[in-house]
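J.: Before I ask anything, let me first share the structure, which is written out below as structure tokens.
The values are calculated or read from the model by the stated rules, or taken from the named source; none is laboratory data. Here the structure is a predicted model, which means the values were calculated and not measured. In this analysis, Cβ positions are derived from the backbone assuming ideal geometry, glycine residues included, and neighbour counts consider all displayed protein chains. Just so you know, the surface numbers come from the protein's heavy atoms only, side chains and all, with ligands and any DNA or RNA stripped out. Shrake-Rupley method; radii C 1.70, N 1.55, O 1.52, S 1.80 Å.
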Amino acid sequence: MPLLNKVRTAASGGFGGDTAARSLSRLRLALTLFFALDGFLFAGWVVRIPAVKQQTGATAGDLGLALLGVSAGAVVTMTLTGRLCRRHGSHAVTVATAVLLSLSVALPALTRSPLALGLVLLVFGAAYGGINVAMNSAAVDLVAALRRPVMPSFHAAFSLGGMVGAGIGGLLAGGLSPTAHLLGLTVAGLALTAAAGPVLLRHPSPAPPQALPSQPDARPGAPSPSPAARRTVLVFGVIALCTAYGEGALADWGALHLAQDLHAHPGVAAAGYSVFALTMTAGRLSGTLLLERFGQTRTLVAGGITASAGMLLGALAPTVWAALLGFAVTGLGLANIFPVAVARAGALAGPGGVATASTLGYGGMLLGPPSIGFLAEWFSLPVALTTVAALAAGAAVMGYGARNAGASPAA
């Protein structure tokens, strides 16, 4: 609580306010850079998946199994990273996992078999899962200290990093080998970590979120959420899963769909994820305005319907440009569903609800790529991608069905 009082004094312009404000501003900038780095490195990998698939001689099913390594590594690490953050601090864990992610992104290009690819993707997935948990933990503490709802800006930075990473990858895909490209990403990642990491390491996490009186869990003796509230939290967690499934599927399979099914140039195929990331970034930057104007339920339902229509176009369109338009519409639709679902879960059950919905959401992002791979092996990649549309439509239906659950003034 003393730290919380100091933050309040600083925020109100009291003694030491300038120093505290500058410290929080530096922390916010450093964390924003790490979110952007995460998206940049991940996108740099996904746009080279077609080339790595060809290099390893993997079938669609083989690639799906290999991509399962990302999911397995991330899930295992996510269960451990929370403990590491409590023991060593979320800032130190963020920096350490950023180094590991930067190093591991180069490994897929060095493989020559699907088995080897799957093994190195275990490492990459572990780093990816770890940095996401650590960064979000650090961001939650910073949001609490700032007393401002700036969390969407961090996720917009992730999307912007993904857009830039995919755009650069598209420019390099035609003339640079995957090995050279991914090694370049390693150098860039280590350089940014060296620049932004010391800011996190010098400053401990600010006021912990449990110090906020607005959170139910912070009050001693506060009642636990009712069974009905827990069930509704699970509904919003499934909504987050449905939409994150689409984000993961497009990240790993969008470029391959354009290149393999529509015979797009490698650079144009790589632009598919860039277009998706661009519209998702725009949607997240405008998310606060949409929520204030239309409310959470309308934003969620409209987003699900929009994403469903966009993905049907992206998966089944006969031309490259129509598919790219579908990807763009899908990004707009999916942009704010995940944040809305997590916010509604938090209104119902506090931080525990946020944790449940976020975990299910990340699970959907990790589940999407291997699921698409298996379905593509059994049917075809365009048919497999229509499951993204089906789940987005399901999220809209569930969101409308839960429209009266956990209504709060914050909505």
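J.: Please name whichever of Leu33, Ser102, Leu117 sits farthest to the positive end of the charge dipole of the chain, dipole taken about the Cα centre and charges placed at Cβ: Lys and Arg +1, Asp and Glu -1.
T.: Most positive-ward Cα: Leu33.
J.: Treat every Asp and Glu Cβ in region 228-333 as -1 and every Lys and Arg Cβ as +1, leave all other atoms uncharged, and give the resulting dipole magnitude about the Cα centre to the nearest 20 debye.
T.: On the way: 5 positive and 4 negative charges, 89 e Å.
Magnitude of the dipole: close to 420 debye.
J.: Further question on the same structure: Note down the magnitude of the dipole of the chain about its Cα centre, charges +1 on Lys and Arg C-beta and -1 on Asp and Glu C-beta and zero elsewhere, to the nearest 20 debye. Provide the component values of the computation, followed by the final result.
T.: Working: 22 positive and 10 negative charges, 248 e Å.
Computed about the Cα centre, the dipole is about 1180 debye.
J.: What does the accessible area per residue of the chain come to in Å², with a 1.4 Å probe and no ligands, DNA or RNA counted?
T.: Value returned for the chain: 41 Å² of accessible area per residue.
J.: Counting helices only, and only those DSSP H runs with n ≥ 4, report the 222 nm mean residue ellipticity of the chain as the sum of -39,500 (n - 2.57) divided by its residues, in deg cm²/dmol to the nearest 500.
T.: Value at 222 nm, helices only, nearest 500: -28000 deg cm²/dmol.
J.: Please sort 267-277, 375-385 by packing, taking for each peptide the average over its residues of neighbouring beta carbons within 10 angstrom, highest first.
T.: So the peptides 267-277, 375-385, ranked by packing, come out 267-277, 375-385.
J.: With a Förster radius of 51 Å, plug the Cβ-Cβ distance of Ser177 and Ala21 into 1/(1 + (r/R0)^6) and report the FRET value to the nearest 0.05.
T.: Computed FRET efficiency for Ser177 and Ala21 comes out at 0.65.
J.: Give the Cα extents of region 27-94 along the principal axes, in whole Å, largest first.
T.: 43, 26, 12
J.: If you don't mind, there's one more thing I want to ask. Would you work out the relative contact order for the chain, in percent, from Cα pairs under 8 angstrom that are 6 or more residues apart?
T.: Normalised by residue count, the contact order of the chain is 22 percent.
J.: Roughly speaking, to the nearest percent, how much of region 26-126's 1.4 Å accessible area is carbon and sulfur?
T.: Working: 2660 of 3810 Å².
Carbon and sulfur atoms account for 70 percent of the accessible area of region 26-126.
J.: Okay, next question. How would you order 302-312, 255-265 from highest to lowest mean count of nearby Cβ atoms within 10 Å?
T.: With the highest mean Cβ count within 10 Å placed first, the list reads 302-312, 255-265.
J.: Quick one: Kirkwood hydrodynamic radius for the chain, alpha-carbon pairs, angstrom, one decimal?
T.: Answer for the chain: a Kirkwood hydrodynamic radius of 21.4 Å.
J.: Moving on. For the chain, with the dipole built from +1 on Lys and Arg beta-carbon atoms and -1 on Asp and Glu ones, taken about the Cα centre, which of Leu171, Val275, His88 lies farthest toward the positive end?
T.: His88
J.: Could you tell me the calculated FRET efficiency between Thr59 and Ala191, based on Cβ-Cβ distance and R0 = 41 angstrom, to the nearest 0.05?
T.: Computed FRET efficiency for Thr59 and Ala191: 0.65.
J.: Just order 238-244, 326-332, 83-89 by mean Cβ neighbour count inside 10 Å, highest at the front, would you? Mind dumping the intermediate values first?
T.: Numbers: 238-244: 27.3, 326-332: 25.4, 83-89: 14.6.
Going by the mean number of other Cβ atoms within 10 Å, highest first, we get 238-244, 326-332, 83-89.
J.: Another question, then. Put +1 on the Cβ of every Lys and Arg and -1 on every Asp and Glu Cβ in region 231-349; which of Cys242, His257, Val329 then has its Cα farthest towards the positive end of the dipole?
T.: Among Cys242, His257, Val329, the one farthest towards the positive end of the dipole of region 231-349 is Cys242.
J.: Let me ask something else about it. Take the Cα atoms of region 70-130, build their convex hull, and give its volume per residue in Å³.
T.: Dividing the Cα hull volume of region 70-130 by its residues yields 54 Å³.
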